[in-house]
Amino acid sequence: MSLKYMEEFRDARLAKELVKRIKAVSTKPLRLMEVCGTHTMAIFRHGIRSVLPDGITLLSGPGCPVCVTAQKDIDAYVAFSGMKDVIVTTFGDLMKVPGSGSTLAKEKAVGADVRIVYSIFDAINIAKKNPTKEVVFCAVGFETTIPTIAASLLTAQAENVSNFSIYAANKLTPPALAALMEADGVEIDGFILPGHVSVITGTDAYRGTFEKYDIPSVITGFEPVDVLKGILILAEQNEAGRPDLINAYPRAVSDKGNEKAKAIMNQVFEISAATWRGIGEIPESGMSLRESYRQFDAAQKFGIDMPDVPEPKGCACGEILMGLKTPEACKLYKKVCTPMSPVGPCMVSSEGACAAYYKYA
Ligand code: SF4
């Protein structure tokens, strides 16, 4: 995409015009949820909250992959790091997320072999270079990440890399939206749907949730003009009482999404239940390895089945992910919990709501 083309979506004149239109159309309070952590960061970075009418509240949703990873899954990653001859490979964001008793960073500091990788393919290369060790990859992420994980496992299988496995805590976005709509106390007047995820899923993936709950929904990108346009669409739908599912990011998202990526994902994984931090188990919101790829299942290989554990005492991450609270409403925010000393994952992840508030609010 050319820079000139991108400039359109950063155009200050266009952005100001959109703000004017949002203010002109808004007559009632609205609670809009940006589902994706990248949107949360973009909204803060571009100062969008500060230019909206007072009646529009933006809530961060369950779209930060590290934040929604259940405490028991973090405990599993820590447990792998304590095993003899096991190398744990992970994206950097997971290192400081507190489990019940420790973090990967703390375990590394006392000698565990935990390595940060930028791609799952790096983890497979580590396995190839260390044939006498077992390499476990901490697999988190949504539809954007799962196809790459699936492709890497096909490579590992073709190359007979038998000392490599993943602990999958991957999640699917549309079922989480439906779960939010069913949850007690949750008040959402519209969803700003995730741009990156939608590139893979396509607009059609949200149609079931939209039709069932009649909730205004817009897929949009991450530039200021994209986000403001999305907010304007949701405000207009609410004011007119005509909910719709709109793709306002057609330069990247189609109705069907990336069919090849979805096919690879479905070849290796099958839909299963998953446990989300704060929300609990959501049916059909996760992906488990299919029978023919179970040799890559670290949980099965090492007999790991961690018990459910509550979130850290006082941490409101779960309520924040459901739009029930903002970080400032957490008693530990900035007092006990900071990026240097995080209590929950929402303060650790670069896409976490608490980290975003801490940095920008
Ligand atoms: Fe949890 Fe810290 Fe956020 Fe509070 S500020 S919800 S303790 S991550």
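The values are calculated or read from the model by the stated rules, or taken from the named source; none is laboratory data. Treat the numbers as computed from the prediction; the structure is a model and nothing was measured. Neighbour counts run over all protein chains shown; Cβ positions are idealised from the backbone, glycine included.
The table for this structure:
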read-out: Hits in the stretch 342-361 (condition: assigned to a loop (DSSP other than H, G, I, E, B) and within 8 Å of the ligand (Cβ to nearest atom)); value: Pro342, Val343, Gly344, Gly352
read-out: Of residues in the stretch 121-168 being part of a loop (DSSP other than H, G, I, E, B) and of a type in the set (A, V, I, L, M), the one nearest to Ile304 (Cα to Cα); value: Val140
read-out: Residue check, Ala261 closer than 24 Å to Asn163 by Cβ and either more than 16 Å from the ligand (Cβ to nearest atom) or among the hydroxyl-bearing types (Ser, Thr, Tyr) (or both); value: no
read-out: Selection status of Pro312, under 16 Å from Gly280 (Cα atoms), near the ligand (Cβ under 7 Å from one of its atoms) and in contact (Cβ under 8 Å) with a residue 40 or more places away in the chain; value: yes
read-out: Boolean, Ile233 is closer than 27 Å to Arg45 by Cα, touching a residue at least 60 places away in the same chain (Cβ under 8 Å) and surrounded by fewer than 24 Cβ atoms within 10 Å (Cβ to Cβ); value: no
read-out: Conditions (1) within 16 Å of the ligand (Cβ to nearest atom); (2) farther than 24 Å from Phe44 by Cβ; (3) among the hydrophobic types (A, V, I, L, M, F, W, C); (4) at pLDDT 95 or above; number of the one not met by Ile271; value: (1)
read-out: Residue pairs meeting the criteria (Cβ under 8 Å; at least 6 apart or on separate chains; first closer than 24 Å to Thr203 by Cβ, in the stretch 143-169; second assigned to a loop (DSSP other than H, G, I, E, B)); value: Glu143/Leu172; Thr145/Pro65; Thr145/Asn170; Ile146/Asn170; Pro147/Asn258; Thr148/Ser119; Ile149/Gly141; Ile149/Asn170
read-out: Members of the stretch 323-341 found to be crowded, with 24+ Cβ neighbours inside 10 Å and more than 8 Å from the ligand (Cβ to nearest atom), listed by number; value: Gly323
read-out: Residues of the stretch 204-249 satisfying the condition of being of a type in the set (Val, Ile, Thr) and farther than 14 Å from Ile188 by Cα; value: Ile219, Thr220, Val225, Val227, Ile233, Ile246
read-out: Single residue of the stretch 27-80 satisfying the filter (surrounded by fewer than 24 Cβ atoms within 10 Å (Cβ to Cβ) and of a type in the set (Ser, Thr, Tyr)) that is farthest from Thr173 (Cα to Cα); value: Thr27
